[in-house]
Amino acid sequence: MSHNSFGHLFRITTWGESHGPAIGCVVDGCPPRLALTEADIQPFLDRRRPGQSKFVTQRQEPDRVRILSGVFEGQTTGTPIALLIENTDQRSKDYGEIKDRYRPGHADLTYDLKYGIRDYRGGGRSSARETAMRVAAGAVARKVLEGVTIRGALVQMGPDRIDRAAWDWAAVEENAFWCPDRAAAARWEAMLTEARKSGSSLGAVIEVVAEGVPPGLGAPIYGKLDADIAAGLMGINAVKGVEIGEGFAAAALSGESNADEMRMGPDGRVLFGDNHAGGILGGISTGQPIIARFAVKPTSSILTPRKSVDRFGQEVEVLTKGRHDPCVGIRAVPVGEAMLALVLADHLLRHRAQNPDAPGEARLPRN
């Protein structure tokens, strides 16, 4: 009943708090003889690292990862891989004024009600600082997913959505928002600058796409691939909604519009006319790109006073000082990619264990 682990055959367990000496994770179930060094993991952590622009928290953490076990001479050994990141820029004094006050929108109250312990230092275990270890573990998962490309992008900030006709993956690496629409990125800079100056915050929607996923991952009932993806993305801090493919928009489509028609390709592969299903039918991957989106609420740590209560039952006002993301959705992009990688790696190993002779692409079985 620890609830600090995720996955089945490819399983991670994370530990540590926002203002503790370090955070870490153990990756268990990784196959042996995969090339892996700290240099393979670090670029993904650098994408999530705080302090890289004025639009994210200014906490300065190098997030240098160390591999403590499970790797020998640059290869995985098949034994548990332990990863460690030291915390170097904790400022617990920033939270002294609210140590007995529950911040509205945070997990302060529920953690205290559940555990009877109030770790006020940056939220303790509930802090998004923990997600650095998911990103590190996701880098290991990508090693398992040979031939699979996973990318993420911010597609909405506040009420402002991107123009999908202007989508350019190259643009994602050109701006501070991981935005595939250059015009939207320019608008968001002005929006977030205003929100940051006023001490407020904005929410966001992130889209993650996995290409090259083989068909057959997942199971029809209790091991649905889309259900596990939803669970993984919903488990990210501040996420309040997840959808696969068309998601909620599918409710407005007709049966004719929503059905992804199929035909036979000249090489015997099944081809799809569209991908409203987001690459998953009946809980099982089709071989098409897997598309998922998740909604991140506005950062709850804001300078505007909000009504709340304290640990002694008194009504109080709370404003949160310190260093916080005015839009936590920005740094959630690499976290979403990592969670999708973790789910897919787990399902790939489960699929191989049950069906080792399954085809790697959408070809019809022949008797």
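With every protein chain in place and a 1.4 angstrom probe, the accessible-area ranking of Phe44, Phe10, largest first, reads Phe44, Phe10. Counting only alpha carbon atoms, the long axis of helix 131-144 and the longest principal axis of the chain meet at about 20°. The charge dipole of segment 139-272, taken about its Cα centre with unit charges on the Cβ atoms of Lys, Arg (+1), Asp and Glu (-1) only, comes to about 400 debye. Its relative contact order, with pairs defined as Cα atoms under 8 Å and 6+ residues apart, puts segment 215-367 at 30 percent.
Considering only alpha-carbon pairs that sit under 8 angstrom and 6 or more positions apart, the relative contact order computed for segment 187-279 is 16 percent. Fully extending the segment from Val270 to Glu146, taken as 0.36 nm per residue of separation minus the present Cα-Cα distance, adds 42.4 nm. How much FRET efficiency would the formula 1/(1 + (r/R0)^6) give for Ala251 and Trp169, where r is the Cβ-Cβ distance and R0 is 22 Å, rounded to 0.05? Efficiency, from the Cβ-Cβ distance: 0.15. With both labels modelled 7 Å from their Cα along Cα-to-Cβ, the Asp160 to Thr193 distance reads 1.1 nm. Stretching the chain fully between Glu38 and Glu211 yields a gain of 59.8 nm (0.36 nm per residue, less the alpha carbon separation).
Taking all protein chains as they are arranged and a probe of 1.4 Å, the heavy atoms of Met262 leave approximately 130 Å² accessible to solvent. Values of log10 I(q)/I(0) for segment 151-250 across q = 0.12, 0.13, 0.19, 0.25 Å⁻¹ run -0.49, -0.57, -1.05, -1.39, by the Debye formula with one identical scatterer at each alpha carbon and no solvent. Seen through its C-alpha gyration tensor, with square-root eigenvalues sorted a ≥ b ≥ c, segment 225-295 comes out oblate because a/c lies at 1.5 or above while a/b is not bigger than b/c. A simple charge model with +1 on the Cβ of Lys and Arg, -1 on the Cβ of Asp and Glu and nothing else charged puts the dipole of segment 259-367 at about 260 debye relative to its Cα centre.
Between Ala231 and Ala358, the contour length at 0.36 nm per residue exceeds the Cα-Cα span by 43.1 nm.
For segment 248-362, the fraction of alpha-carbon pairs lying more than 18 Å apart is 71 percent, rounded to a whole number.
How large is the charge dipole for the chain, taken about the Cα centre, if only the Cβ atoms of Lys, Arg (+1) and Asp, Glu (-1) carry charge, to the nearest 20 debye? The dipole of the chain has a size of about 900 debye. Note on Thr88 and Glu317: with the Förster distance fixed at 51 Å, the Cβ-Cβ geometry gives a FRET efficiency of about 0.95. For the chain, the tally of Lys pairs with Cα-Cα distances below 16 Å comes to 7, considering only residues 8 or more apart or on different chains.
The values are calculated or read from the model by the stated rules, or taken from the named source; none is laboratory data. As the structure is a prediction and not an experimental result, all values here were calculated from the model. For neighbour counting, all protein chains shown are included, and Cβ atoms are generated from backbone atoms with ideal geometry for every residue, glycine included. Surface accessibility is based on the protein's heavy atoms, side chains included, excluding ligands, DNA and RNA. Shrake-Rupley method; radii C 1.70, N 1.55, O 1.52, S 1.80 Å.
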